[in-house]
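Peer 1: I have a structure I would like to understand better, so I am pasting it below and will then ask my questions one at a time.
The values are calculated or read from the model by the stated rules, or taken from the named source; none is laboratory data. Because the structure is a prediction, the values reported are computed rather than measured. Every residue, glycine as well, gets a Cβ built from its backbone with ideal geometry; the counts of neighbours run over all protein chains shown. These accessible areas exclude ligands, DNA and RNA; they are computed on the full protein's heavy atoms, side chains included. Shrake-Rupley method; radii C 1.70, N 1.55, O 1.52, S 1.80 Å.
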Amino acid sequence: MIPAAFDYVAPTTVDEAVRALSEAGEDAKVIAGGQSLLPVLRMRLAAPSKLIDLGKIAELRGVREDGDLLVIGAMTTHYDVQHDALIAEHAPLLALTTNTVADPQVRHRGTFGGSLAHADPAGDLPAPVLALDAEMVVRGMDGTRTVPAAEFFTDFFTTALRPGELLVEVRVPKTTGWSAHYEKFNRVAQAWSIVAVAAAVRVDGGTIAQARVALTNMGATPVRATSVEQALVGRPATAASIRDAAAHAAEGTAPPSNADADADYRRHLARVLTSRAVSAAVGA
Ligand SMILES: Cc1cc2nc3c(=O)[nH]c(=O)nc-3n(C[C@H](O)[C@H](O)[C@H](O)COP(=O)(O)OP(=O)(O)OC[C@H]3O[C@@H](n4cnc5c(N)ncnc54)[C@H](O)[C@@H]3O)c2cc1C
C-alpha cells in the first residue's frame with residue numbers, strides 16, 4: 001500500500017530538527033532508518049502530517065569515548081555498531097546483540113536510536129542497553145535531559161520521550177574486559193526474538209564478580225533479571241552454578257501469550273536461554 005501524503009523536511013542540525021518537530025505539532029513524526037516506521041506508514045497504521053528525517057544530521061552519528069562512558073549517536077546504524085572498534089572493546093554485548101538483528105540490508109539502514117525509540121518488546125537492543133545501565137540523552141525545545149534506561153522503556157512501543165523530544169545519544173558505561181553474550185530464540189533466521197537474553201559478566205579468578213542480565217520479550221518492556229544477577233555473584237563460573245542461578249530468570253516477568261509462544265513456554269525459554277547466555281559468555 002502507498003502511505004498517506006505527508007510533508008517532509010530533512011534538517012542538518014539537531015537544533016533545526018527539534019524546532020521543526022515542535023512547530024509541526026503532535027501529528028509530526030521523526031524518521032531515522034525507516035525500517036520500522038515505513039512499514040507502519042505503508043499499512044496506514046499511522047498517517048503523520050509531516051516527517052522529519054534525521055538522516056542528514058551528522059552530529060547524531062558515530063561512537064566516542066567520554067571517560068568511563070561510550071557515547072553512541074542515535075543515528076549510528078546497526079552496521080556501524082557491529083563494526084565499531086570502541087564498542088568491540090568497551091561494550092561487546094552491544095555488538096554481539098546487533099549481529100542478531102534482522103539482515104544486512106536492514107542493518108545498513110536501521111539505527112541504534114531508532115530501535116530504542118521504537119521500543120518494540122521483541123526488539124533486541126533495549127535489553128542489552130538496560131543490562132548495561134545506559135542513559136538516554138534526549139533533547140526538546142526545553143533543553144536536554146538524561147533518562148536512565150530503567151525508566152526509558154515504559155510500555156509496549158512506548159518510551160519516556162515526550163512530544164517534541166528527540167533521542168540524541170546513548171551513554172553506556174564501559175564494560176572493558178567483561179565477557180558477554182546475547183542468546184536469541186526465534187522461529188526463523190533474521191526474525192525478532194520470541195525470547196532472548198543479554199548477559200555481561202566479569203569473572204575474577206574463576207569467580208563471577210559482577211553480572212548484568214536482561215530479558216527480551218518477557219513483558220511489555222525489557223526486564224532486568226536481578227534475581228539471576230544476585231545468584232551469580234560470588235559463585236564459581238561453572239555450568240552447574242550458572243544453571244542454578246538461571247532458575248530465577250522468570251521471576252518478576254509478565255510474558256505475553258500469543259501465536260509465537262504462550263507465557264509458560266516463554267518462562268521456560270527464559271531459564272534455558274539465561275543459562276546458555278551466561279555459560280557462553282564465560283566459556284563454561
Ligand atoms: C525485515 C525486518 C527485520 C527486522 N528484524 C529485527 C530483529 O530481528 N530485531 C530487532 O531488534 N529489530 C528488527 N527490525 C527492526 C530494525 O532493527 C529497525 O532498524 C529498528 O526497529 C528501527 O530503527 P530505524 O532507524 O529504522 O527507525 P525508524 O523506523 O525510522 O523509526 C522507528 C520509530 O522510532 C522513532 N524514532 C527514530 N529515531 C528517533 C530518535 N532519534 N528520536 C526520537 N524518535 C525516534 C520514529 O519516529 C518511529 O516511531 C527489523 C526490521 C525489518 C524491516
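Peer 1: Counting pairs of alpha carbon atoms under 8 Å apart in space and at least six apart in sequence, what relative contact order in percent does the chain give?
Peer 2: 15 percent
Peer 1: Now for a different question. Per q in 0.16 1/Å, what log10 I(q)/I(0) does a Debye calculation on the alpha-carbon atoms of segment 89-130 return?
Peer 2: -0.38
Peer 1: Positive end of the charge dipole of the chain (Lys, Arg +1 and Asp, Glu -1 on Cβ, about the Cα centre): tell me which of 35, 211, 191 has its Cα farthest that way.
Peer 2: Positive-most Cα among the choices belongs to 191.
Peer 1: In whole Å, what three semi-axes, largest first, describe the equivalent ellipsoid of segment 221-284 built from its Cα gyration tensor (square root of 5 times each eigenvalue)?
Peer 2: After diagonalising the Cα gyration tensor, the semi-axes are 23, 12, 8 Å.
Peer 1: With the crude spin-label approximation of a point 7 Å out along Cα→Cβ, what separation in nm comes out for residue 64 versus residue 26?
Peer 2: The answer from the label model is 3.6 nm.
Peer 1: First compute the accessible area of segment 109-177 with a 1.4 Å probe, then give the percent of it belonging to carbon and sulfur atoms.
Peer 2: That fraction is 47 percent.
Peer 1: Another one. Percent antiparallel among DSSP beta bridges with both residues in segment 1-153, to the nearest 5?
Peer 2: 60 percent
Peer 1: Averaged over all directions, how much area does the convex hull of the C-alpha atoms of segment 25-85 cover when projected, in nm²?
Peer 2: Averaging across all directions leaves 5.6 nm² for the Cα convex hull.
Peer 1: Please list log₁₀ I(q)/I(0) at q = 0.16 Å⁻¹ for segment 43-133, using the Debye equation with identical point scatterers on the alpha-carbon positions.
Peer 2: Rounded to two decimals, the profile gives -0.67.
Peer 1: What do you get for the angle between helix 263-282 and the principal long axis of the chain? Use alpha-carbon atoms, 0 to 90 degrees, nearest ten.
Peer 2: The helix 263-282 is inclined about 70 degrees to the chain.
Peer 1: For segment 109-184, calculate the relative contact order in percent as a whole number, restricting contacts to Cα pairs under 8 Å that are 6 or more residues apart.
Peer 2: 33 percent
Peer 1: A follow-up question, please. Under 12 Å Cα to Cα from residue 56, which aspartates and glutamates show up? Leave out anything in the same chain fewer than 8 places away.
Peer 2: Here the aspartates and glutamates satisfying the reach criterion relative to residue 56 are 16.
Peer 1: Under a 10 Å cutoff between Cα atoms, tell me which one of 11, 39, 255 has the largest fluctuation in the Gaussian network model of the chain.
Peer 2: Top of the fluctuation ranking is 39.
Peer 1: Further question: If one puts a single equal scatterer on every Cα of the chain and applies the Debye formula without solvent, what log₁₀ I(q)/I(0) results at q = 0.08 Å⁻¹?
Peer 2: -0.33
Peer 1: Would you mind computing, in nm to one decimal, how far apart the modelled labels at residue 238 and residue 189 are, each placed 7 Å from Cα along Cα→Cβ?
Peer 2: Inter-label distance under the simple model: 3.7 nm.
Peer 1: How many Å² of accessible area per residue for segment 226-284, probe 1.4 Å?
Peer 2: 48 Å²
Peer 1: Right, next: Give the Kirkwood hydrodynamic radius (Å, one decimal) of segment 1-158, defined as one over the mean of 1/r across all pairs of different Cα atoms.
Peer 2: 16.3 Å is the Kirkwood radius here.
Peer 1: Let me ask something else. I'm checking a number: the convex hull volume of the Cα atoms of segment 126-284, normalised per residue, in Å³. What is it?
Peer 2: 117 Å³
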